[in-house]
Structure formats: C-alpha cells, structure tokens
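Take a look at the structure set out below.
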4 protein chains.
Amino acid sequence: MTDFRSDNTCPPSAEVLSAVMPLLREGCSPYAEDEITRAVQQKFCEIFDHDLVFFPLFTGTAANALAITQISQRFGEVICHRGSHIFLDECGAVEHQSQNRLLPAEGPNGKIDPDRLPPLVDNGDVHRTRPGVLSLSQCTEFGAAYRAAEIRALSDPARSAGLKVHMDGTRFANALAFTGVHPADLTWRAGVDVLCLGATKNGAIGAEAVLFFNPAEAAGFARLMKRSGHLASRLWFLSAQISAWLEDGFWLKAAAHSNAMAMRLERKLYDIGIAPLYPVESNMVFLPMTATQSEELSREGFRHYPIVQPGGELAARLVMSHSTTKPEVDRLAGALSRILRATGNAQGKLPA
Amino acid sequence: MTDFRSDNTCPPSAEVLSAVMPLLREGCSPYAEDEITRAVQQKFCEIFDHDLVFFPLFTGTAANALAITQISQRFGEVICHRGSHIFLDECGAVEHQSQNRLLPAEGPNGKIDPDRLPPLVDNGDVHRTRPGVLSLSQCTEFGAAYRAAEIRALSDPARSAGLKVHMDGTRFANALAFTGVHPADLTWRAGVDVLCLGATKNGAIGAEAVLFFNPAEAAGFARLMKRSGHLASRLWFLSAQISAWLEDGFWLKAAAHSNAMAMRLERKLYDIGIAPLYPVESNMVFLPMTATQSEELSREGFRHYPIVQPGGELAARLVMSHSTTKPEVDRLAGALSRILRATGNAQGKLPA
Amino acid sequence: MTDFRSDNTCPPSAEVLSAVMPLLREGCSPYAEDEITRAVQQKFCEIFDHDLVFFPLFTGTAANALAITQISQRFGEVICHRGSHIFLDECGAVEHQSQNRLLPAEGPNGKIDPDRLPPLVDNGDVHRTRPGVLSLSQCTEFGAAYRAAEIRALSDPARSAGLKVHMDGTRFANALAFTGVHPADLTWRAGVDVLCLGATKNGAIGAEAVLFFNPAEAAGFARLMKRSGHLASRLWFLSAQISAWLEDGFWLKAAAHSNAMAMRLERKLYDIGIAPLYPVESNMVFLPMTATQSEELSREGFRHYPIVQPGGELAARLVMSHSTTKPEVDRLAGALSRILRATGNAQGKLPA
Amino acid sequence: MTDFRSDNTCPPSAEVLSAVMPLLREGCSPYAEDEITRAVQQKFCEIFDHDLVFFPLFTGTAANALAITQISQRFGEVICHRGSHIFLDECGAVEHQSQNRLLPAEGPNGKIDPDRLPPLVDNGDVHRTRPGVLSLSQCTEFGAAYRAAEIRALSDPARSAGLKVHMDGTRFANALAFTGVHPADLTWRAGVDVLCLGATKNGAIGAEAVLFFNPAEAAGFARLMKRSGHLASRLWFLSAQISAWLEDGFWLKAAAHSNAMAMRLERKLYDIGIAPLYPVESNMVFLPMTATQSEELSREGFRHYPIVQPGGELAARLVMSHSTTKPEVDRLAGALSRILRATGNAQGKLPA
C-alpha cells in the first residue's frame, strides 16, 4: 500500500529524528523556559527578518485556536473561508477557546474573495457581534497558494477596520516554496499578525510554531497554553523538532519536494486528459472520482481520502509528503490512468 | 549541577527512547485510529484486570481537564484537595474545560480528610451548584500515597451520593510501587471511575494515559480531545511511549527506583536529626528551609524548587527521578547536612 | 411623532396593566414557586392541547438562548436562517450560553428552504461539530408566516436525524392570527420541541413564555435560568403579565389587530403602485427606500428603522403594534405616497 | 400568615407602583436609549457625588455576574466571602459569565477578615490563576454592615495589588441607613469600583442598579447585557422603578424602616434573654432554632427560612421588609418567646 491520504500518515523525516535524538538523552528546563526554545525564536527572527515571539505547540488545532483567541476580542467574529480547517475540521475548537463566532466567507479554491468579504467595520450596534479577526489558510484546504498581493487585498481592508489577521499555515512551507518569495512577504509585510506554521505535515513528529509578529500581542499566551493543557513539561522537545526542521533550510527543501511530486502527478494526468479540480500550487491534487473508482484505486494499493465537494460531487484528495518518491507518483498516475479511463470518466479539463 | 527540581527535568529513559525510535521510522494512521493505541488499551485491560477505554494525551493538565469534563455534569462542583495540582497549578484548566467549580477540601499530607468532606448530596436547590466529581491525587502533591482503604473511605460516600471519582495519577506508579498492591486495588476496586496515569514524570518523553474503567463513560471523548487541540496527527507516538514504558514492568521498576532514592535521602537525613515535613511515600522529600539555606544549596550545585507552605513557611521540594543515582543522593544529603546544621536550623522532628 | 420603529416602543396594553396592578399590591412566593406561574402553565396546556412545562423570562434573547441550550448537545450546531434574530441580533447569546455553533441557512422571506438544509445527520467524524438543533422563527424577521406543512417539511428531516426543533416565536401570536389554525398545528403537531412565545411585542410590559412540549426535556431549566441571572425574585410578575395577556384571547385579538393594520397599509400602498419587499403575513411592512426618503419620512413625523437588505439595498421596516390606529396607518400611507412618488422611486412590484 | 422569609416576598411599595404606572401608559425608546435611564444616571451622580455610569438590571444575580465580568481579567480569581451570595446562591453565575474562579475567604459575620486575605499579588506564575477582583457584600449575608474603614482595610491592599473592587449591594440601602454616612463613603471613597445596588428587596418590583464609578470601565457593558439576555426592550421600566425608589429619599426611608423593625425584634428578644447569632446591623435577625421549634413557629403563622449554619447547627433567618409593621414584629417576638422558652432553648447570649 502507498499512502496518499495525508501528509501526516508518513513517518517523520530522518533529518528531524537524527537531530532530536541526542537532545532526548539530556534533560532540559520545562515549560518553555529552555534554551532550545529561545534559540528557535532567534532563528525565526532571522528567517522572517522581524522581531517576533515564538511558542511551540503539539497540534495545528491547538495552534489555531490559541493564536486566534490571543488576538481576538469579546463578542467577536472570526472571518474564515467556508472550507477552512478551523471551520470544518476542528470540532469547534476556535469557538470554544475564543468564545468568538466563526463567520464563513466565500471564494474560489479556498481563498476568500475580497469582493465578498462580510462587513468589517463594527457599527457599534450592541445587538451584534463584531468583526475581530480575519483568518487565512496558506495554502488553502484545496491546495491553492495566496500570493502576497492577494493577502494584502484582504488584510488591508481588515486592518483598516481594526481587525487582526491570523494565518493558518499548516502548509505554509509549501506555499512559500511554491511562490518563491521571502517569508516576510507572505506574512508581516502582507499584514499578517500571527502565523501558525506547521511542521508536523512536513517532516516533524508533531510540532507547530506560533509566531507573533508584534511581540506585545503575545503577552499572556503561555497562560493560555497552560489553561488548555498545552504547556508541556518537555515543551523543548517540540522546539527541538522545529529547530531540526529549520536547519539548513530542510523545511523548504521538504516542501519543495512534496510540491514537485504533486506537480509531477498533475503533469502525468494532463498528458492523459485528466485535469485536477483545483490549481496545484502545493502538495495536494484533487480529482473528480466516483465511489466505484475510489474503491478501485484503494484495491490497487493507493490509500487516499474520498471527499465530498461543496456541491455534493465526489472527489479524491491525493497528498504528497516529504517522503513520497517519483516511482510512487508514477505508479499512482498509472493506476489513475487505467481507472479513470476504464470507467469512461476522465472529466478533468483538458489543457488548451 | 544536579537537578532535583522535578521529575520532568531529567531526560526520558533509555528504555522508552530505544523502543519508540524504530516506530518513528514508519508511518501510522493518525488520530488514535492506529494499532499501537489499540494494543496499549489491551495491555492496560490486562494490567488493571478490567475492561477499560484508553486515550493518550500529551500533558497531565490536559488529561485531568478532559477526563473530569467527561465525567462531570452541568452546574457541577469538583471536590479536590486545597493543595492539589488541578486547584493550584493548572491555571484554571479544569474550570475552563468543564465549566464546573473546583471546591477545595482539607486534610493532612494532601489527602482529603473523609470527615471534612463538603456536602455531597445535591439538595435540589436551584440556587446552588451541585457536587458532581471527587478528584483525588495519587500520590498527593506532598508525596503521600493513599492506601486502598483510604480511597474507599472517600469514594464510597461520593458514589453513594451520585458523584464520579477522578484520580490524578501523575505519580500513580510511585504510589503503586510504594503500596505494593494490585493496580486494581487502588483504582476501580476502590471506586475510581477514571484514572489519569502519568508517564511523563517517570521515563516517557511526554505522554499520559486516560483510563475509563466504565467504557460507556468514554463516549465522545475523542471529540473533547479534538475540540481542545489534543487529538494529534501522530497520537500513536504518545501510545508508543506508553507501550514502551509498560514493557516488562519498566514503569514500576522506574517508580520503585525513584521512591528508593527518596527514602535513601530520608534515612540519611534522619541520621543527622533532620526529618521531612511529610511522610516520604513516593519520590519527593520536603524539608523546612530558609531562603538563605535554599540559596546556599543552589550554590553548591543542587537545583531545587523553594516552595511556600500553606502556613507561609518556606520549604524545599526535592524530587527524585528514574535517573537519580545513589551518589547524587548521597552528595545531596551531605550538602544538606552542612547547610542545615551550619545555620543552626535542623528543625526536622527527630526520630524517637 | 408616530412610532413605527418596532412593536416594543409602544406602551404595554391597558388590558395587561389593569390585570397586573392588583397583583402587585400583594406579595407572592419568589423564584417561580408561585401559584400564578402554575396557573399559567395549566392555561397553556389547555391552549396548546398538550402537557407542557412553562417558564417565564424577561427577554426574548434570554428565552431563545436558554431554550436552545436546554435542548442542545455538546459539540453541536444550531441551524437557523441567515437573517434570524438569534444569528443577527442577539450578540452571540445562543453561542455563549449553549457553546454551540450557529449555522446560517438560506431561503426566501426569512424561511429556511427545505431543499437547502445543511447536512443533518452526524457522520460521527470527531473532527466535526454535529447538527443538534433546528431553529425556526415564527413569524420570520421579514414578516412571513410558516404554514404548518412548511414547518413539518423542515422538522421531519430534522427529527429523523435526531435534532430537536426550537421555535423563536417572538411574534408567534401574529403568525397564529394570520394562519388561523390551532396553536398545536404550528407547534408540537408540526414537530416543535420548544416554543419561545413572545408577549413583550404584543401587549405585555416585558415577558416571554418558554414552553417545553416534552416535560422531561425541561429538567434542570430553572438552574439554567438561575445561572444566567434570569430566575428573578418576582418571577411571578412575568407570569402575571402572561396570564393577563392570554385572558379572553387578548393575545390573539391584539395580534390580529396589528396584522390588520399592516395589511391596511399594504393595500393602500398597492393602490398607488407600491409593493412591499416581502409578503405581509404579520404586522410588518418592508419597503424599498433611499436614505433621503427615509429622512423625509422621519421629518414628517413617522419614526421607523432604516435597514440594509441582504443585497445591500436600503429599505424601511414599518411595524404595527397592538396600539396602532387606522388614522395613524392612513397618515403614514399618505406620507409614503408623497415621498416615494415625489422622488420618482415607487419601485414596488405592481399587482397584476 | 406573616412572611419573614425574605425581603422579596412582600409586595413592592405603593410609592414605586404609583410612580411607574403613569409611565407604563406611554411608550419609550427601547434598550436603555431612553430618557428615564439617563435621568436616573444623573440622579445617581448627585447622590454619590461622583461621575458614574448606570445600567439597570432585572436581578441581583445578573447584576453581580455582569459587573464582575466587566471588571475582571482572563485567568482571574474573584475573592469573596465563603458565605457570600455569589459563592453560595447564584448557581455559578459569576464563573459562567466571567470564566473566573471564585476564591472563598474567611471572616466573622460574613465580612472578609483583612488578616486572612489570600495572596493578592500576581506572582506571574503561568501555572496559576491570578487575583483580579475583590467582591464585598454590603450588608453581608448575615446582616452585618461594613464600616467605611473596614472596606478600605480590604480595598487598599487589593487596589495596591491591581485588583478591582466589586460591591454586592443587594441590601446596600440598609447598610447605608445603619451606618448613617454619605453614600460615597461606603463606595468610591472607600475604593469600590462598581456597586450593584439592589432595589428589589427594598420596595421595587424587580430592579437593580449597576454603578461604575469609573465611566471608562463601563465600555462595552451594554453588549455584555445583550449577550446574556439582559438588555430588555423596556429596560426603561427598570429605570423607572429605580427613579421612583430614589425619589424623595424613599430608598433610605424604606431601609431605615426595615432596619428599625429588625432592631425592635432584637430588643424584645434581649428582654427575654435571647440573643441573635450575628450583630443586627440591617434588616435581618438570625436565631438559633431547632427543627422542631422552626416547625412550631411556622404553625403559629410566621413564615421563615430555616438555614444551616457553617458549623452545621440549625438557625432561623427572619427578614424585615419595607412593609413589615410593628404589630407584626411584636406578635413574632411573642411567638418566639413562647417557643424558645417552652422548649428550654433560649440559648442566645444574655446582655451583660
């Protein structure tokens, strides 16, 4: 079986494992008061070319829920895409933690359309909740990457209206590798206040970095972590993973690799007349696929998640990871070719 | 420097590390749907001689807050000792998660006195919150271990009144090693509904086991984990640590060792006329100590936490771990001997 | 100035006032343990031809938030119309009280379209919140009244999927008067579990009735009221208002009157070629109106709320109350005729 | 039957009723945007000789929970007396609304002992909740009145440590009448930030005034009211009651009267050798009383609440109201004389 279900079903990377093992043979101060965590913060300051405050967390849901809570306000609304992870796949974590309402917004490919933003300005009406946070997913749940200008087109009006901007960067590295710009250009220079940068799906065991680009806004965050059970004794073990993950630019190389595997699949499918449902701008490929075809693909040894599209149609999500190999992609492409053609169902858009 | 601050500042055990590393070189299904987690559950059923449901969590605070929430009810009170970790050192995690009130109870050595339990029966008064959960710490924050009969003396009236019983077992292994009874005798046979069994402070990297002795009471717990950001992608990594920790009874051997180190220190101090503040029934020794003495002890290379006693007096907490050695204990005893005598302050109770 | 802003800006009805005054000259048992409250419950059982449990509340927001909380479940979703009061005008009260998510649904005239209901069945996915409550507004925020069959078309699939059904009946009496059916036909016979029946906007000073049609589902509701500060000492004063309001069918007569006033306005506007934006099925008339026209209308002495339509266009909401008179309606119609014609803006749909 | 259960079981005062009735015959702007509310605020500014912001609420529990929430902070503790209403009789309302912990403090007669205050200074430990609010009850649940100096002895250290001070003034008027000082001396001059001033138990139908002595601290309070269902349409009806209650100093006259009735009872009991359990400094008298005696008292026509003392002994609470008469008190004293003597149980402290 080859596993294309998600980028968290593969093993962590050898690079991360070999770097953290020696550290595990020594003790370290608990609760984020350690030197490893401080060193990672310094490294992030350099990478993002900005003063920032860093906290490690064990899961992406924790990172999103706590980061948004930290920058939110009472009676607030968090504007997010209707297909975003915080809206669909975190079981209400953001609402429970922040006591804010999630307000789903629309737009193609998982990106919020700036022309379809809900009202951003608090009109002072005591009967209404008020916009407080704009949350963007980079890349989106459908694998698309926001360009810097696209982020600014959303963050500019949001910030003008007094909102804070959160970025769910579970696959930020993939978006960064795809766009090829400086990390600052996709974050603080584009109006992002806090980034939840995911390492778990890109080589770490389980570690996410919360980065506050305005250090003053991070005050009290450790207590928020404690109250939610996320201030671990050996929090330094998460920082250690992130440190290893950043080392020598591994994080970008790994992301570039999984992106390349997705694009390799995309090209091979184009060649046989199958187009993906969304632009392939990271490490995910979505294909229209019937339940029968999906079962056939599984039977041939390719694990994947069948998903339901917003309109109700079925599709398959195929996710590449840091450990996906070219032969695996080629075998997958071969199987897809047989299955989708055999059932007369190659409904992708043909390239012009 | 030798570190006696806590049992979470030492490195994880070699036994756990060597067992989890090979597993990290392979992938596994995410979100607790893996075989490692299922195997650990089976192992716990055997150890506790009871059908049970197991979930792994990353921190003890998360384990306590979620387990208590799961067995609590609306408008409820959680009765706990005034010195308990959930009351003093979790920044309101239980209240935030469960929306219950913590009701501090009294008793010596961190044990709740059965004669000083608050009212347990809900009198139906709509103006009042109602007792819902009794939470016991095993061993207590002061290092004392409840005997089976002591647990029953508390759980019997609680259960008769309809309460559920939670056990914060951060150092349950130490209490088990000290009392020498069957794990069932300190838990379900003594009326405990859910045990939070800590491995982090006894050899694991960071992993706690929540054990529901009534499987039906665990329904929906995974969603509670998800909503609080604790349903990690690689949750199996926590289960893997616990699996290694249980292997060949390592967990009990490690606990017996750290207990023995504490008792060695106790004996050596008794020899020079210094008695600890609380009975040494696990891996912790508390000594009366002035701020000056505490500084002197640090200067001599022995890290420790100075703590304030309920009555306001200063003391030192000295915690042994799975990796504490006899020479370390002996050097500590020597330093304490010099410091406490030199300042004319050996105020422990002399043995008769 | 004549006030058409809302049906809560007029004075309470003389009928209610004259009935409650004598009661206020005597004391009564506090906290809903009084005989007036019990008698009202009995009266409601007769009116709705069903065993039920009644609680009085001071505001509609409290009634909605507490009633929904009572029938909701953990990790739940409350499906409501995008234009509903609980979604738009209660500042997050339902979410704060119930810890559930509000899920906005679509449909014309403030009614949820049965063909556009979100998924109702909990698929067991721990990453997702789950549908728990369907909330309907009767009449809707746009003045339309659900027919019994329309309610069933929504409640049937909801109940089949295990959801509970809440009805925000702030203007239930108006819908009842309009449809002319038995109260049971619009509630429990149509699948409604709990009705929040408003008296405040129809003659009372400030009183709402929460009616649970399944008495077992009301258990613990008094504690929910207490915890939210709604179990008043003189709660019987609210019951007394409701008692007077029900007396001799006053509630239906008052609703029929305000409905008739709205329809009188509608007819007079049709005569001059102006059609309302929504079907007039209760006591509210919505007209397209520019900001300039709205100001002109105010200057002529007719208070009203300018509102923004979902599409962004401006409109005026004109609400009739139990105390609105025919001459007031006729003068309003005259003013509207002048203003809307004068500005060449009579854009209502002409009757065929 | 004469009713001494509480000061909320009697009818509202004729003064309040006759003043509010004419207002109820007219409409008024909803949601606290009315002139009555503004006029009451002005009146309170004069009475308290200080700029302040006023909001009316329907219940004391709502007033306390919302006022404390408004001045509280995240991860906070609210220090209150172990016998206070917010701790014992509001079903967790403060915790639910504020997400703060209530920390019970000790002291005689319901007053917090300044020498037994818990630590007030936030030590910055992220594992701990932090002191945020000090809540005082004036008069206390046991009928004692804080003197100005006693309030300052508590508020001074609290404010120095950065805490805000809340006063639950359900019976503030009684304390004011008893001490005879200026209202400012018991509030802002003594360090009180927000007062919840009760009118319900002293002549109103149901109305409480929240007074913020620092207007800036009231920002957003109306939204808090809305979110909790307390921003009523006819909120002005509550303000109208308070306006009438303040008129011509009625509030103080009514309080002085009920105080006088309590002291009359105390004197008559002293004469026969029966002393109350607590100093009679307002309108409540507590007497030791067995269950048999309590039943006998009820049989003779005197309703009252039997209560359990902190130590477990039984007692009777006898509460005087604005409408209690001298003959009623005298008859009660006579009955008590017979019952307590007859059973050989006149265990009050005899005056020297």
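The values are calculated or read from the model by the stated rules, or taken from the named source; none is laboratory data. From a predicted model like this one, the values you see are computed outputs, not experimental measurements. We place every Cβ from the backbone using ideal geometry, glycine too, and count neighbours over all the protein chains shown. What goes into the accessible areas is simple: the full protein's heavy atoms, side chains included, and nothing from ligands, DNA or RNA. Shrake-Rupley method; radii C 1.70, N 1.55, O 1.52, S 1.80 Å.
Observations on the model:
- Peptide-level mean, for A:6-13, of C-beta atoms on other protein chains within 10 Å: 5
- Largest GNM mean-square fluctuation among A:Gln293, A:Gln309, A:Gln70, using chain A with Cα springs under 10 Å: A:Gln309.
- Ranked by the mean number of other Cβ atoms within 10 Å of their residues, highest first, the peptides D:180-191, A:236-247 fall in the order A:236-247, D:180-191.
- Accessible surface, per residue, of region B:240-299 when the full set of protein chains is kept, probe 1.4 Å, Å²: 35
- Environment charge of D:Ser243, counting only residues whose C-beta is closer than 12 Å and scoring Lys/Arg +1, Asp/Glu -1: -3
- Percent of beta bridges antiparallel (DSSP, the protein assembly as shown, rounded to nearest 5): 50
- Per-residue shielding of A:18-25, expressed as the average number of other chain Cβ atoms within 10 Å of the residue Cβ, stands at 2.
- Heavy-atom accessible surface of chain C: percent carbon and sulfur, 1.4 Å: 51
- Dipole magnitude for the protein assembly as shown: about 0 debye, using +1 per Lys or Arg Cβ and -1 per Asp or Glu Cβ, origin at the Cα centre.
- Within chain A, helix-based [θ] at 222 nm, where runs of 4 or more DSSP H residues each add -39,500 (n - 2.57), nearest 500: -11500 deg cm²/dmol
- Between 0 and 90°, nearest 10: helix C:235-246 axis offset from chain C longest Cα axis: 50
- With all protein chains modelled, accessible area of A:Asp248 [1.4 Å, Å²]: 120
- For the chain pair B and A, the buried solvent-accessible surface (1.4 Å probe, both sides summed) amounts to about 3900 Å².
- Working ranking of peptides A:328-341, C:13-26 by packing, defined as the average number of other Cβ atoms within 10 Å per residue, highest first, is A:328-341, C:13-26.
- Accessible area (Å², 1.4 Å probe, nearest 10) - A:Cys28: 30
- Å² per residue, accessible surface of region A:1-40 at 1.4 Å: 43
- Qualifying lysines (Cα of each under 18 Å from Cα of D:Lys164; at least 8 residues distant if same chain): D:Lys111
- Residue-averaged beta-carbon neighbours from other chains (10 angstrom radius) around A:82-95: 5
- Protection proxy ranking, highest mean first, for peptides A:311-317, A:84-90, D:55-61, B:111-117: D:55-61, A:84-90, B:111-117, A:311-317, where packing is the per-residue count of other beta-carbon atoms within 10 Å, averaged.
- Contact order, relative form, for chain B: 23 percent (alpha carbon pairs under 8 Å, 6 or more residues apart, mean separation divided by residue count).
- For the axis carrying chain A to chain C: nearest C-beta residue of A, whole Å: A:Glu95, 3
- Near D:Glu35, once Lys and Arg are set to +1 and Asp and Glu to -1 for all other residues with Cβ below 14 Å from its Cβ, the sum equals 0.
- In order through region C:15-21: 3J(HN,Hα) via Karplus (6.51 cos²θ - 1.76 cosθ + 1.60), integer Hz, x for Gly, Pro: 4, 5, 4, 5, 7, 7, 4
- Length gained on full extension, C:Arg267 to C:Ala216: 13.7 nm, using 0.36 nm per residue less the C-alpha separation.
- Total formal charge among the other residues, if their Cβ is under 11 angstrom from that of D:Thr179, Lys/Arg +1 and Asp/Glu -1: -2
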